[in-house]
1. Take Ser141 and tell me if it is at pLDDT below 95, open to solvent by 10 Å² or more (accessible area, probe 1.4 Å) and either out of contact with any His (no Cβ under 8 Å at 6 or more places or on another chain) or small (Gly, Ala, Ser) (or both).
2. Looking only at residues that are in contact with a strand residue (DSSP E or B) (Cβ under 9 Å, 6 or more places away or on another chain) and farther than 29 Å from Asp485 by Cα in segment 443-462, which one is surrounded by the fewest Cβ atoms within 10 Å (Cβ to Cβ)?
3. Name the single residue, out of those in segment 708-729 being surrounded by 15 or more Cβ atoms within 10 Å (Cβ to Cβ) and among the hydrophobic types (A, V, I, L, M, F, W, C), that is nearest to Thr687 (Cα to Cα).
4. Can you name the residue in segment 652-679 that is open to solvent by 70 Å² or more (accessible area, probe 1.4 Å) and over 30 Å from Thr728 (Cβ atoms) and is also farthest from the chain's Cα centre (by Cα) among such residues?
5. Which one of these is out of contact with any strand residue (DSSP E or B) (no Cβ under 8 Å at 6 or more places or on another chain) and free of Cβ contacts under 8 Å to residues at least 12 places away in the same chain: Asp419, Asp430, Asp424?
6. Test each condition in (1) touching a Gly at 6+ places or on another chain (Cβ under 9 Å); (2) without any contact (Cβ under 8 Å) to a residue 24 or more places away in the chain for Ser328 and report the one that comes out false.
7. What is the one condition in (1) open to solvent by 30 Å² or more (accessible area, probe 1.4 Å); (2) part of a strand (DSSP E or B); (3) more than 27 Å from Pro50 (Cβ to Cβ) that Ile98 does not satisfy?
8. Tell me, which residue of segment 37-60 that is among the polar types (S, T, N, Q) and free of Cβ contacts under 8 Å to residues at least 60 places away in the same chain is nearest to Asp100 (Cα to Cα)?
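The values are calculated or read from the model by the stated rules, or taken from the named source; none is laboratory data. Note that this is a predicted model, so its numbers are computed, not measured. Methodologically, a virtual Cβ is constructed for each residue, glycine included, from the backbone with ideal geometry; neighbour enumeration extends over all protein chains shown. We work out accessible area using only protein heavy atoms, side chains counted, and drop any ligands, DNA or RNA first. Shrake-Rupley method; radii C 1.70, N 1.55, O 1.52, S 1.80 Å.
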Amino acid sequence: VSMRPLFLLLLFLAVVGGQDFRDVDNHNALFHAISNVACDECTTGNNIVPNGAFVRAAQGTYIGAPYAGNVINRGDTVYYIVNIYFSLICSSSPHSCILDGEDSRRIMYIDGTSSQTLTIAGMTFKDANSDGGGGMYIRSSALVSIQTCKFVSCYASNAGGGIYATAKVDIYTTTFADNSASILGNDIATDSGGDVTILSTCPPSWTGNPTKGSGLSATEYLWMGEINGPENSFSLGTCNLSCSAGKYRSSGPCFDCDAGRFSLEGSEGPTSCSSCSPGKYLTNSATGDESSACTDCNPGRYSGSASTACSSCTAAKYLTNAATSVESIACTDCGAGQYSGAATTTCSNCAAGKYLTNAATGVESVACSVCAAGKYSGSSASTACTICPAGKYNADQAMDASLHVSCQLCSPGTKLDDDGEIADLHNSADDCIQCGPGSYSNAEETQMASCEECPDGLNSPAGASSCSSCPPGYNCNDGKTVACDEGTYSNGDTQALNPDSPCHPCEKGYSCPGGTDHSLCRQGSYQPDPSQSTCLSCPAGKYQEDPGQDACVDCPAGYFCTVRTVNPIACGSAALYCPLNSGIVQAIHEGYYSTGGSETTRHGEAICEAGTFCVGGVKKACDGPGQYSDETGLAACKTAPAGTKTSSDRQDTEDCPSGTFSSGGTDECTNCAEGKYSSSSGAESCTTASVCGAGRYTKTPSTLTTDTECKDCLKGKASTGGDATSCTECNSDGRYSDED
């Protein structure tokens with residue numbers, strides 16, 4: 001079979017007009033377009049085409065979920081169609097649109113077509129598997145036309161591997177290959193009510209002859225139903241369809257060209273009609289030549305592609321793009337202050353001095369009007385006139401447009417302060433009002449919009465165009481000469497520097513009581529602000545040694561400054577101190593000493609450290625006999641108590657060690673005298689050592705830290721005590737010792 005484009009496919013009509021089309025390119029889109037069965041256990045398409053529509057499938061394999069499901073025990077099915085009709089056609093080469101059953105499902109179940117013909121064209125049914133009708137099961141008085149299709153590798157466990165029919169089926173130029181059924185009808189099987197006709201002709205309205213192919217395995221199940229015609233496959237052969245002029249072919253049938261399109265008759269025929277280019281319109285649809293089929297739009301008219309007529313720009317618009325069907329793109333609104341009639345390519349401007357009243361006309365005398373009195377338009381293409389600005393007027397009563405190109409200035413010495421708000425205030429020279437005394441106006445400075453007050457130092461009579469000078473020491477306001485206020489002054493110098501304002505604000509560091517007085521602030525005073533009549537005294541803690549200053553200086557550390565101080569005063573002695581900005585001297589606190597500066601300019605104090613004492617702001621060491629200080633801030637040293645001596649750093653005391661004593665007020669402890677001892681530390685005196693009594697002897701003499709150790713004489717011995725270091729034997733006649 002030659003792989004011709006799908007325009008060789010036959011549909012059941014040779015010419016079709018006004019049909020709905022649905023283009024699909026994947027299984028999901030196709031399923032939702034045609035599978036309309038509705039039940040609780042099944043999946044239903046959600047965008048079903050209307051009856052009579054054309055569903056045009058793109059080249060490719062249609063496989064996978066969703067599936068209609070096992071509806072009323074009819075076997076697991078991909079597409080389930082109930083009582084609707086449409087034409088499903090492959091929009092590419094025949095057999096290039098493949099419906100794949102994945103070796104596990106019936107591909108299509110058609111259950112009635114509402115007494116109309118459902119057409120399947122150019123599709124391949126592949127790898128189907130079901131109990132009956134692996135590729136297609138057709139029933140319930142359906143009417144189905146199968147054209148230029150292919151059934152390959154479809155299987156049925158019962159009958160009809162390719163097609164099982166109990167309804168009317170016509171088959172044109174369709175091939176069958178490698179289909180199988182377990183019982184009968186590898187390719188086709190019918191049952192009660194089945195009427196299958198295999199035609200050996202081209203599809204209706206086509207010319208030529210199909211090519212006969214291999215035989216079919218087609219059987220009436222239990223001798224029910226009918227199979228008519230030659231039981232063979234047929235391919236397209238020389239079958240062909242030619243569209244007449246003014247028609248086009250899309251996926252099989254011929255359709256009338258849409259309005260604004262044309263075509264030429266031919267054996268093959270165009271796959272679509274041609275459109276008139278934008279900016280042209282159709283005059284003859286039955287031709288393939290645009291130069292004869294289409295005509296250029298007239299000037300001021302426009303059209304899009306496929307137009308049957310041109311449109312005109314409406315009034316107040318002009319043509320900018322003839323090659324479009326959209327007026328908003330083809331036509332542009334006339335600009336502000338412009339006008340035009342219908343079907344024009346340009347707009348006209350209202351002249352200066354006029355304004356637009358009607359854009360939708362081609363006559364200036366109707367479209368444009370002269371500005372009214374008090375108004376003007378300074379350029380062409382104005383949509384409205386403007387009220388004269390402040391300082392100007394226009395007295396012409398809409399008679400002469402040339403007088404309304406601008407407005408006239410008021411005379412010098414007058415004003416017109418309405419700034420374009422009220423036209424009636426700008427329609428006469430009388431609207432310009434004379435300036436009062438002490439004010440003026442002129443074209444260069446005020447533009448006659450207002451009367452300016454004469455500046456300080458100047459004055460003027462009513463209706464003046466300028467001001468005159470004011471004498472030194474005075475200011476001029478409203479035509480009056482007034483002495484300079486407090487905080488200001490004037491003299492010959494200020495008059496020369498600023499003749500417009502002779503009363504000059506007093507500078508910082510000066511006092512100006514008024515008139516011509518202008519004095520430097522004295523030493524010890526200042527003035528931080530301008531325009532002041534007096535100076536201020538420097539406060540306590542600050543000073544100023546120079547005249548004419550606007551601030552005082554901080555009193556330095558070690559000095560003090562009273563009110564209006566010119567030079568800082570030294571603090572005075574070590575018993576006094578003066579921090580920064582001191583207004584008075586500060587006495588050093590008891591137990592503290594002064595710090596910083598010299599002896600007369602101390603500016604801080606510090607607490608006396610341990611080991612020292614402070615008197616009169618001077619720190620001294622506790623270095624006298626037995627003196628110490630064990631805390632900070634002492635005004636006098638402490639004396640070491642009895643039994644102690646001072647530590648080496650004079651910051652504490654230490655107990656006298658055993659063998660020594662102290663009666664207080666000493667830096668060192670004294671050793672006990674011979675015959676005396678102290679056995680513990682902190683002794684205030686030493687203890688006299690013991691003397692052994694009679695019958696005892698000194699075993700260990702006393703030391704500085706221990707008492708005498710005495711021992712009793714044993715029997716047979718005796719001692720008189722005292723300093724005896726041993727006992728004497730009783731060996732004289734008549735003497736004895738019978739106890740220890």
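1. Numbers: at pLDDT below 95: yes; open to solvent by 10 Å² or more (accessible area, probe 1.4 Å): yes; either out of contact with any His (no Cβ under 8 Å at 6 or more places or on another chain) or small (Gly, Ala, Ser) (or both): yes.
Yes: the conditions hold for Ser141.
2. Ranking the candidates gives Ala443 first.
3. Per the criteria, the residue is Cys710.
4. Residue satisfying both the conditions and the ranking: Asn671.
5. Asp430
6. (1)
7. So Ile98 meets the others, but not (3).
8. Gln59
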